[in-house]
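Take a look at the structure set out below.
Only the coordinates and a few stated rules stand behind these numbers; no lab work does. Every value quoted in this text rests on a predicted model; they were computed, and no experiment measured them. Cβ: placed from backbone, ideal geometry, glycine included. Neighbour counts: every protein chain shown.
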Ligand code: SF4
């Protein structure tokens, strides 16, 4: 079986441990009030960060929910909390499942905003209503799904995304979305592992978005079992 190790950028790791350290200050203060010894709060912070090395969904969620309001308080640093979840969550999924998932148990989950805004094909409940005219990335992603054998679904929001996951019961999800939806969605999908690919938004949020098909294909290939 192919084992794949993926590089996680230092920025995401820094944000992750910043969130965990900030979170652990709360129990740290309680420990200080009880023990009146400075080293016990320090040990609490260290313990939380050491446990955080396992990067479970719980610790990712803890760091995310602390980082998100912090980014807002300090003037907002884009999607730092979401990008931390996307980078670390995808890395964990690919490390754990890389090269081991049958293609037909992978769900390629796409956002509705990839569809060209003036296209009248109804693709939300059946992506194969798309005629693959080349007007937007949906046709190429259907070609990719045909080529690799993965399932494909399109969601207009978190509720429909969760419904697709519940109904199709994939072993892993390759999800395309904007950082905001992807970060929260990856946490919500637990315990189903997700590898995320961010879309680009040249026309602004939620309108005629684009995605790098090669990145989606590479992510699928890294998950798929070697035959
Ligand atoms: S590829 Fe063409 S038919 Fe398919 S969703 Fe995009 S614009 Fe519509």
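For the range 171-227, the Kirkwood estimate of the hydrodynamic radius, built from every pair of different alpha carbons, is 12.2 Å. Computed on the range 10-80, the Cα convex hull volume stands at 91 Å³ per residue.
Against the globular-protein guess of 2.2 N^0.38 Å, express the Cα radius of gyration of the chain as a ratio, rounded to two decimals.
Ratio of Cα Rg to 2.2 N^0.38 Å: 1.13.
Distance between the 7 Å Cα→Cβ label points at residue 143 and residue 159: 3.5 nm.
Expressed to the nearest 5 percent, the antiparallel share of DSSP beta bridges inside the chain is 5 percent.
Helix-only mean residue ellipticity at 222 nm, the chain, DSSP H runs n ≥ 4 weighted -39,500 (n - 2.57), per residue, nearest 500. What is it?
Values: 8 runs with 119 residues, N = 227.
Taken over the chain, the calculation gives -17000 deg cm²/dmol.
Over the range 98-223, the Kirkwood radius and the radius of gyration, each from Cα atoms, give a ratio Rg/Rh of 0.92. Compute the long axis of helix 179-188 from its Cα atoms, compare it with the longest principal axis of the Cα atoms of the chain, and write down the angle in degrees, 0 to 90, nearest 10. So the helix axis and the longest Cα principal axis differ by about 70 degrees. Compute the separation of the alpha-carbon centres of the range 198-227 and the range 32-64 and state it in Å as a whole number. Cα centroid to Cα centroid, the span is 35 Å. For q values of 0.12, 0.17, 0.20, 0.25 Å⁻¹, compute log₁₀ I(q)/I(0) with the Debye formula on a Cα-only model of the range 111-181, without solvent. Once normalised to I(0) and log-transformed, intensities are -0.31, -0.63, -0.88, -1.34. Take every DSSP beta bridge whose two residues both sit in the range 98-223; close to 5 percent of them are antiparallel. The slack between residue 13 and residue 120, meaning 0.36 nm per residue of separation minus the straight C-alpha distance, is 34.2 nm. Stretched out straight at 0.36 nm per residue, the stretch from residue 29 to residue 112 would grow longer than its current Cα-Cα span by 25.3 nm. This ranking places 24, 215, 140 by how few other beta-carbon atoms lie within 10 Å of each, fewest first, which gives 215, 140, 24.
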